[in-house]
Amino acid sequence: MMNMPLGMILLLVVSVLVYFGLAQRILDRMRMTDKQALLFIAGIVIGSFIDIPVMRSPMEITINVGGALLPILLCIYLIVKADETAERVRAVVAAVLVAAAVSLGSRYLPYEPENMFMDPKLIYGLAAGLIAYIAGRSRRSAFIGGVLGIVLSDIVHAVTISGLGIPGTTAIGGAGAFDATIIAGIIAVMIAELVGETREKLQGGPVLGPNRPEGLYEFSKELHPKEKQKDTPQMPANDKASNNGGERREE
């Protein structure tokens, strides 16, 4: 357990929460089912051990299935499922801003992790999650911005090294990028959920509308019974008994 990457540990924790239904509200807002979420998590975990060769000269570049390919496909899926064009635009803009911030940070921050006050993957993941929420605002846009932004920054890094002709090997979405991708996505959603929940409570509840997922209405349905029940008042049991008794006396 100690040698397991941080991103893998976080994925296992998230999968447990999804399995026991503790993340259902967030999944409803992102238009995903628990089965879809568990399927993606399993694919990312398994795919983290698979690298697909992309280029072999002048340097060897591979793309990690779990750290880059599947997260890209997941983000594309979520973009397609978005209800409004504005949300799609915010998600893409958030991803570009995160990629730019991480790329700039990798240039000016020290290369040696021991010279930094915090693990680089934590710095990039936390920064990416915060920037993704500020730009994306919604839970889905923030998640897309954080995850896709880290992957894009890794692609930019690989292309830059390749253009310089530096020999070596690099894996897009591998090593620390995998951890940073998972951290960024989780942080972005957590911030969005915290701010969103606080805002909804201050406004007196979730905003209802045709684009809201069904899961958001479960409590409102319990609080508002059917109209038929409202229109037909129920007579108390003791009143019924007294009326029956009165009828018998009249007979």
Among residues of the range 97-133, those that are loosely packed, with under 15 Cβ neighbours inside 10 Å and modelled with pLDDT of 80 or more, counted: 2
Top-ranked residue in the range 159-185 [being modelled with pLDDT of 90 or more and assigned to a helix (DSSP H, G or I); ranked as nearest to A128 (Cα to Cα)]: A184
Which numbered condition V159 misses (of (1) closer than 25 Å to E60 by Cβ; (2) over 13 Å from the mean Cα position of the chain (by Cα); (3) surrounded by 15 or more Cβ atoms within 10 Å (Cβ to Cβ); (4) among the aliphatic types (A, V, I, L, M)): (3)
Neighbours by Cβ (under 8 Å, 6+ apart or cross-chain): first from the range 14-36, within 17 Å of S141 (Cβ to Cβ); second among the β-branched types (V, I, T) and surrounded by fewer than 19 Cβ atoms within 10 Å (Cβ to Cβ): L27/T33
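Could you list, in sequence order, all residues of the range 8-32 that are of a type in the set (G, A, S) and closer than 23 Å to I79 by Cα?
Within the range 8-32, the subset of a type in the set (G, A, S) is 15, 21, 23.
Residues satisfying the conditions are S15, A23.
The values are calculated or read from the model by the stated rules, or taken from the named source; none is laboratory data. The structure displayed is predicted, hence computed values, not measured ones. Every residue, glycine among them, receives a Cβ derived from its backbone with ideal geometry; neighbour counts consider all protein chains shown.
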